[in-house]
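The values are calculated or read from the model by the stated rules, or taken from the named source; none is laboratory data. In this text the structure is predicted, and so the values were computed from the model without any measurement. Note that we place each Cβ from the backbone using ideal geometry, even for glycine, and neighbour counts take in every protein chain shown. We work out accessible area using only protein heavy atoms, side chains counted, and drop any ligands, DNA or RNA first. Shrake-Rupley method; radii C 1.70, N 1.55, O 1.52, S 1.80 Å.
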Amino acid sequence: MTYIAIFASGTGTNALRLMEHFAAHPDIRVGVLVSNKPGAGALHHADDMGVPTLVIDRKSFYESESLLTDLDLYHVRFIVLAGFLWLVPPYLIRAYPNRIVNIHPALLPRHGGKGMYGMRVHQAVRDAGDPETGISIHYVNERYDDGAIIFQTSCPVGPSDTPDDIARRVQALEHRHYPEVVEQLIAQQPV
């Protein structure tokens, strides 16, 4: 059995979709949901799904490596970021080489980087007049939205689409593809 950790900062719709996808999977389970926000909706989803949770603080996340011990307790072999807004520190990247992935709500390299998340991204797509947007699933490195791209898919942006319209379309792509891509990546990992 491969156990994954989901890292989430917000409402947790992608986290919930991942937990639902892997709830009855024969080879993959969500071992723990990690959040940096004590009131995050993702924590409530995890409680509802019976998934253990862990709330981290900035100081320990960046100034110690104690999180590695916690992840070992849950037998975590793979980390999936689902709306996690902190930059992942080097020690975590070293401990999980090519085993940390993120999803970004745009077609990277456009509209990525520090501060580009959520509605900010969709507003940037609208402001740029992009005819399409989509999702990018990528490996995590020591820079925001900079790791090698694993998967992208797109959707059209109409001339009258609002950022909310764009967000709904992009979220549908996230929910459809992220769990499947994560499952394929884990299946390709050496045992």
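Report yes if some residue within region 1-15 is in contact with an Asp or Glu (Cβ under 9 Å, 6 or more places away or on another chain), over 21 Å from I137 (Cβ atoms), polar (S, T, N, Q) and in a strand (DSSP E or B); otherwise report no. Looking through region 1-15, none of the residues is in contact with an Asp or Glu (Cβ under 9 Å, 6 or more places away or on another chain), over 21 Å from I137 (Cβ atoms), polar (S, T, N, Q) and in a strand (DSSP E or B).
Take the residues of region 126-138 that are within 20 Å of the chain's Cα centre (by Cα) and touching a residue at least 40 places away in the same chain (Cβ under 8 Å): which is farthest from N102 (Cα to Cα)? Filtering first and then ranking leaves I135.
May I ask you to list the residues in region 172-191 that are open to solvent by less than 70 Å² (accessible area, probe 1.4 Å) and assigned to a helix (DSSP H, G or I)? Hits for region 172-191 are A172, L173, E174, H175, H177, Y178, P179, V181, V182, E183, L185, I186. One residue stands out among those in region 13-32 that are farther than 17 Å from M1 by Cα and of a type in the set (A, V, I, L, M, F, W, C): the one that is surrounded by the most Cβ atoms within 10 Å (Cβ to Cβ), which is A15. Do you know which residues across region 116-137 are in contact with a Ser or Thr (Cβ under 8 Å, 6 or more places away or on another chain) and acidic (D, E)? Matches in region 116-137: E132 only.
Where helices (runs of 4 or more DSSP H) fall wholly inside region 36-104, the ranges with 3 or more residues that are open to solvent by 40 Å² or more (accessible area, probe 1.4 Å) and out of contact with any Asp or Glu (no Cβ under 8 Å at 6 or more places or on another chain) are 41-49, 58-63, 66-73.
Of the residues screened, R120 is one that is open to solvent by 60 Å² or more (accessible area, probe 1.4 Å), modelled with pLDDT of 95 or more and under 19 Å from W86 (Cβ atoms). Number of residues in region 128-150 that are of a type in the set (S, T, Y) and open to solvent by 30 Å² or more (accessible area, probe 1.4 Å) equals 2.
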